[in-house]
Each structure stands twice: as C-alpha cells, then as structure tokens.
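Written below as structure tokens is the structure these notes are about.
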Amino acid sequence: MAEPRIVGDDVPFDDPVEPLIRRLLELVGEDPAREGLQGTPHRVARSLRFLLSGYTQDVDEVVNGACFSVDYEEMVVVKDIEVYSLCEHHLLPFYGRAHVAYLPKGKVLGLSKIARVVDVFARRLQIQERLTTQIANALQDVLGAYGVAVVIDAMHLCMIMRGVQKQHSAAVTSAITGAFRSDEKTRSEFLSLIGRQSLSS
Ligand code: ZN
C-alpha cells in the first residue's frame, strides 16, 4: 500500500476520494468520527477503486499472449460467468451471469481470459445493454471470429432496493455478431447450449 499522504490540516489520506466520502457521511446526517465510521472513507475509496478498475485496463493487455492459433471451427461456449457491475444511474450493483460463445476462425482465446474480458467492462459504471455489446465487440475484434454471442441475465439492486418495478428487476440482454446473427441454426445451437428458448426471455 502507498504511504499515506498528509494534506491540508493534517488529514491523512490515501486517496482523494476519501474526503468526499467523509463529506457524504456528514451530509446524510452521520458523524464520520464515530468509531464504526472512522475507517469507512478509506474502505469505500479502496472498494470503489477495485469495483471500477476496468477504467485502467484494456482488452489487449488482458488477452496478451493467450490467443492461440488452432485448427478448430466448432462453437466455443463459456456459460455462467459471474458478472458484478455498478449501474451508472444510481451507482448501485447489478449482478448475474454472462454466457459467451464464439465460432473460431483459426484463433481461440484461453477460457479464463473470457471471464477477464467480461470484468474489464463490468468494472466500470454501466448499463447492462452497453456492457453486453462491449464484451461482444471486444471479443469479435480480438478473435476475428465467424461470430460472437453474449447473453447477460442480471438483477438490478436499483430496481429491487428502491422498490420500483420489481417485476422487471431481472433483465436479459444479448449481443450477437456474424454467424450468430445470420444463421438461425448457429443461434439456436447456442441458445440450447445455454438452456434458453430465446435471446430475450
Ligand atoms: Zn440504476
């Protein structure tokens, strides 16, 4: 961990976010000096750095060295990748599962790297639709595949906790490219592999 810096009137801090969280605690009517809250600004700042670490990562870096040339053209499917993100409207979590598939054109990616690519985009302020599209486009670019399909099924705490539209709190989004778009058979093979009837329900 970095040496704490000292600024202004002897307030030690690691991160410029910390005084903002301290101020936020005051504004909601709390006493940031009470025992249980003393370390909170520091913990929140660190937690936000982690949850939003996607801003300092890029896909090329993440997949670096894990793209392999192979003579394999069958569908690759990675199911049930855990997704945790923050909605950009309320800064509240949405979380669920991503299912990713592609049809390789002479190139495959290490399976664990697919989950890493999901995290690069999930660890930013997001809406689920854009997250889904960004993952599909990034994989399409990296792999030059015949096609890529991404489905994300997620629960949104901003809907659940705030008591609005609870019936729509689980959202399913999809993004498909190439053969998954143009070829009905490819698309239905993917859907049956991930146990779905359609892309939207
Ligand atoms: Zn929201």
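The values are calculated or read from the model by the stated rules, or taken from the named source; none is laboratory data. Just so we're clear, the structure is a prediction, and the values are computed from it rather than from any experiment. Glycine gets a Cβ as well: all are built from the backbone with ideal geometry, and neighbour counts include every protein chain shown. The area values use the complete protein model at the heavy-atom level, side chains included, leaving out ligands, DNA and RNA. Shrake-Rupley method; radii C 1.70, N 1.55, O 1.52, S 1.80 Å.
Details
- Sequence of Met161, Met155 when ordered by accessible area, the most exposed leading, probe 1.4 angstrom: Met161, Met155
- Using 0.36 nm per residue and subtracting the Cα-Cα separation, the extra length available between Leu52 and Leu125 on full extension is 25.6 nm.
- Just checking the listed ones, Glu61, Glu74, Glu30: in the Gaussian network model of the chain with Cα springs under 10 Å, the one fluctuating most is Glu30.
- Residue with peak Gaussian network fluctuation, the chain [Cα springs, cutoff 10 Å], from Leu86, Leu143, Leu111: Leu111
- For Lys113, the accessible surface of its heavy atoms amounts to roughly 50 Å² (probe 1.4 Å, protein chains only, rounded to the nearest 10).
- Listed residues Thr56, Ser69, Ala33: farthest to the positive end of the dipole of the chain (Cβ charges): Ser69
- Degrees, to the nearest 10: 17-27 long Cα axis against longest axis of the chain: 70
- The chain: calculated mean residue ellipticity at 222 nm from DSSP helix runs of at least 4, using -39500 (n - 2.57): -10500 deg cm²/dmol
- Here the chain is treated with +1 on each Lys and Arg Cβ and -1 on each Asp and Glu Cβ, and its dipole about the Cα centre works out to around 540 debye.
- Fraction of beta bridges assigned by DSSP in the chain that are antiparallel (%, nearest 5): 95
- Extension gain for Glu30 to Met155 (0.36 nm times residue separation, less C-alpha to C-alpha distance): 42.0 nm.
- Here is the result for the stretch 59-90: no chymotrypsin sites (Phe, Trp or Tyr not before Pro) lie in DSSP coil with at most 10 other C-beta atoms within 10 angstrom of their C-beta.
- Cross-link partners of Lys107 among aspartates and glutamates (Cα-Cα below 19 Å; sequence separation of 8 or more within a chain): Asp60, Glu61, Asp71, Glu73, Glu74, Asp141
- Residue among Val142, Val117, Val151 with the largest mean-square fluctuation in a Gaussian network model of the chain, springs linking Cα atoms under 10 Å: Val142
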